[in-house]
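The values are calculated or read from the model by the stated rules, or taken from the named source; none is laboratory data. Bear in mind the structure is a predicted one, so any value in this text is a computation, not a measurement. For neighbour counting, all protein chains shown are included, and Cβ atoms are generated from backbone atoms with ideal geometry for every residue, glycine included.
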Amino acid sequence: MTDVPDTAPHEQLLVGLVRLGQALRINSYRNAGPYRLSPLQADILTILRGDQRPRRPSELTHALTSSPPTISDAVKTLTTKGLVERRRDPSDARAVFLTLTPDGHTEADRLARMPAVFGEAMAALSPDDVAAMLRGTSTMIRSLQENQAIPVTKMCLTCELFRPEAHPSSDRPHHCAFLDSPLADLELRLDCSDHHTARARPAAAGDTRGHAHPDG
Ligand code: SF4
């Protein structure tokens, strides 16, 4: 009998995650839609749709691990396409806020629909598989965030209102203090608009002197 080559499960999992990332990226290029969106432009619309309060450009830069000029160029293109609107911040004349236009909402809704090929792949998973994958990816993302390898996202595992294992003998063992409801692994959120996190200390007055405004 031939020995099975050494295959460390963690390495195999990483290979699988890379393959899934490639599939999502390829799909993003194929799903450019009527506005011929680049993957970055599509990501910006998706973020603006996810949390509908007006967003500053610096928030997009942080969330997408990008640079201010790259985000600024993409936002300009989205504005020209009539999908994003820039408004002056009434409390800071140098800063702007970004929101979706009605066409931007329609396009962001189109992007949010799961492509059939991914729906089919997901349908092959049992609810237990989905719960285990959600738990596993949430745990990995939290660790990467703690090590500053990726930006912090609004998920249950980093939320002040998340109470893990608050109901240990239940099939919905966690608790969301915002919803005041138990949560099963299957209900863990990776992008929650109600996420609650401690606010960073505001910059001291004069901190930005001599620098371009990050949200101008
Ligand atoms: S508010 Fe949202 S992120 Fe926070 S625990 Fe509840 S569901 Fe999770």
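Scanning the range 92-117 for residues that are of a type in the set (D, E) and under 18 Å from R56 (Cβ atoms) gives a single hit, D92.
Filtering the range 126-150 to residues that are touching a residue at least 40 places away in the same chain (Cβ under 8 Å) and away from the ligand (no atom under 16 Å from the Cβ) leaves P127, V130, A132, I150. A Cβ distance below 8 Å, combined with a sequence gap of six or more or placement on separate chains, defines the contacts here; from the range 177-201, residues that are β-branched (V, I, T) reach residues that are more than 9 Å from the ligand (Cβ to nearest atom) and modelled with pLDDT under 90 in the pairs T197/V152.
Evaluate the following for L190: is it of a type outside the set (G, A, S), more than 8 Å from the ligand (Cβ to nearest atom) and assigned to a helix (DSSP H, G or I)? So L190 does not fit the description; no. Can you confirm whether I26 is over 19 Å from P151 (Cα atoms) and hydrophobic (A, V, I, L, M, F, W, C)? The answer is yes for I26. Here the helices (runs of 4 or more DSSP H) wholly within the range 83-156 that include at least 3 residues being of a type in the set (D, E) are 102-112, 127-146.
For the range 83-101, the count of residues that are surrounded by 14 or more Cβ atoms within 10 Å (Cβ to Cβ), among the aliphatic types (A, V, I, L, M) and under 24 Å from R189 (Cβ atoms) is at least one. Residues in the range 24-38 that are of a type outside the set (D, E, K, R) and at pLDDT 90 or above were compared, and the one that is farthest from H105 (Cα to Cα) is S38.
As for the range 43-63, it holds no residue that is among the polar types (S, T, N, Q), more than 18 Å from the chain's Cα centre (by Cα) and either crowded, with 16+ Cβ neighbours inside 10 Å or modelled with pLDDT of 95 or more (or both).
In a residue-by-residue description of the range 156-169, the property of being surrounded by 12 or more Cβ atoms within 10 Å (Cβ to Cβ) and under 23 Å from H10 (Cα atoms) applies to at least one position.
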